[in-house]
Structures are given as structure tokens and as C-alpha cells.
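Okay, so here's the structure we're looking at.
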Amino acid sequence: MNELRKDYLIDRWVIIADERAKRPHDFKTEDVQDNKDKCFFCPGKEHMTPPEISRIEEDSKWILRVIPNKFPAVSPCGVPEIKTDNTFYTYANAYGRHEIVIETNEHGKELEDLSKEHIKKILETFILRISELMKDPEIDYVSVFKNKGKGAGASIAHCHSQIIAYNSVPATIKYELEASYKYYVLNKKCAFCDIISREKNSDRRVFETRHTVAFTPYASRFPFEIWLFPKRHISGIGELDGDELLEFADSLKRILSKLKDIGNTPYNILFHSTTDYFGNYHFHVEILPRLTTWAGFELETGTIINPVSPEDAAKFYRGEL
């Protein structure tokens, strides 16, 4: 059974998922599986996946499916309560659910190739799954993310994203919540709203629509890193209304379509969406192109070396480079 473990001293957690790779040869580097005939995410291969959780159909054919991950990082069994033994050993069973959202039935199409209406359906699926998974009182956070390409951690080429609901609030979210709460106490307003108001007029501005703002963050960790925010103050993706959700889908498509100018860029998409613990969180999406590798300095110090300034990255997205 997989286990959730905390670092000896700092708020850094790992999931020991020894059921996913048990022998050294399991770590052999391989290309992303891109054989349509063998792809078990394609239509006609439904029997090769775990029984589906839900689907969306058009013209009697599915266009999107949600399935359990065949090799989950977490599972709904064991003891979810976090305990500490002998001062330094803090742990729990890695309790939760790990799901795959197969975003299209068309092998070879990427998220940016889909219509904004289709992307909206994907976002609506995230909303439904988050709502359902959070009904479990043992679930503390639902992580929604997408890995595209081998360099971003994907092992299957067919367009998909993942959802991991588990028994801990990740440190990154905790830090954002705590920092934004402190800002709110001092300034009586949302830190993210203030960031948006400044960045939408800065050299890092990419675009602004009626409902969204996109900019390259001031301390970007990755070349061409870009953040997408709804302009309205909301804490979770589920609070977007229909018009906002469609425009958010269109904005996401616009960003990813521009990234194709670089080539077949691997990237991660992270959905920072939460129940508003402090009354001041602001939902957003971070798109992280994976064009560089973190090495010893980054891993030892936590200080990232980024060879592309966010100001130049914004020029790229604006079509000025």
C-alpha cells in the first residue's frame, strides 16, 4: 500500500508509491507511447482500461471519458489519519483517488487543437469531479494537472489529464494561502487581485479579455512560464459561470496554440483551485513549459536558474519576438 510521508523537519511531503515501479529495470527511460493501434485510450479499447467513471457523448460516440488510473499513486483504503512516531516519522496511508480524464477520442490531437467548446467540457468535467471527490471527508485537496510530453512526465501520448484527490493540503497551496492571508490582514484586499491589476499593465502582460488576464510571472521558474487568471475574484474553478468558463477555455487554447511556435513543447498545466480557507484565495492556472532541466544548484538551494526573462517570454506570447 502506498504511503504518504513528511520530511523530518520541513513541510515537504512525498508519496512512496512502490506499487508503480518495483524493480530497477522499471526505471528504464522509454519514449512516450504513441502507437495509435496499441493506445488503450482510443475508441474500441475501452475494455483495456479500468471501468469508466463517467463520459460525455456526441452523436452516440464518446468524446471524453473519466477512468480510474490503472497504476494509482493513492487509493481509497488504509488509514488516512496523519500520525507522528518517534518525533521525526510523520506518515499516513496515501489515501485518496487517482483518475484520468481522456480529453478526446481523437489520437494525435492535443488540447490546443480542440475547440474552445470542447475545452469547456473538459473544464466542466474537472468541476464535477472535484465536487464529487470532495464529498469524502478524508480528502483534503484535489489536484488537477496535465502532463504533455516525455519531458513533462507523460508516459502516454493520447491527450489526457489527471486528478489526484488525497489526504493532505500540498505545501505549495499552504504557502499561497498563508501568504495571501497575511496580505489580506494588512491590506484588506486580495493579493492576487492586486497582482493582476499591476501585471496587466506591465511588460509581462500577455493579453486581457473581458473575463481573463494572462501574464508571465515576475519570478518565472521556467522559460515561457505563463499564468492565467479569471478577473473576477473566485477561489475555485467551480465558481466560474458559463460565459467565464468558455472564455477561460478560449484563453487556455490561445496560450497553448502560441507555444506550438517553439515546437512540440512538453509542458505541465497546474490548476490552483481550492475551497477558500481564508476568504482570500484566487483561482488560477499555471502553464509550465519544460524546456530546461533543474540540476544540482536548483535542487540544493531551491533557487531556479531561468535562461529566459519573463519580459522576453511575454514578448514571445504577444508576437513581438
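Numbers at a glance
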read-out	value
Residue match in region 212-219 (condition: in a loop (DSSP other than H, G, I, E, B) and either among the charged types (D, E, K, R) or within 16 Å of L123 (Cβ to Cβ) (or both))	no
Verdict on K189 being assigned to a helix (DSSP H, G or I) and not aliphatic (A, V, I, L, M)	no
Residue within region 100-111 that is surrounded by fewer than 16 Cβ atoms within 10 Å (Cβ to Cβ), modelled with pLDDT of 95 or more and of a type in the set (G, A, S) present	no
Of the criteria (1) assigned to a helix (DSSP H, G or I); (2) among the aliphatic types (A, V, I, L, M); (3) closer than 30 Å to E58 by Cα; (4) modelled with pLDDT under 95, which one A154 fails	(1)
Within region 215-236, tally of residues that are touching a residue at least 40 places away in the same chain (Cβ under 8 Å) and farther than 21 Å from I173 by Cβ	3
Only listed residue being in a helix (DSSP H, G or I) and not hydroxyl-bearing (S, T, Y), chosen from L228, L252	L252
Checking P310 against (1) surrounded by 19 or more Cβ atoms within 10 Å (Cβ to Cβ); (2) closer than 21 Å to V144 by Cα; (3) in contact (Cβ under 8 Å) with a residue 40 or more places away in the chain; (4) not aromatic (F, W, Y), the condition it does not meet	(2)
Any hit, region 101-109, residues being among the polar types (S, T, N, Q) and out of contact with any Ser or Thr (no Cβ under 9 Å at 6 or more places or on another chain)	yes
Residue among L246, L291 that is assigned to a helix (DSSP H, G or I) and assigned by TED's automatic domain parsing to the domain that holds F215	L246
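The values are calculated or read from the model by the stated rules, or taken from the named source; none is laboratory data. Because the structure is predicted, anything quoted here is derived from the model rather than measured. Every residue, glycine as well, gets a Cβ built from its backbone with ideal geometry; the counts of neighbours run over all protein chains shown.
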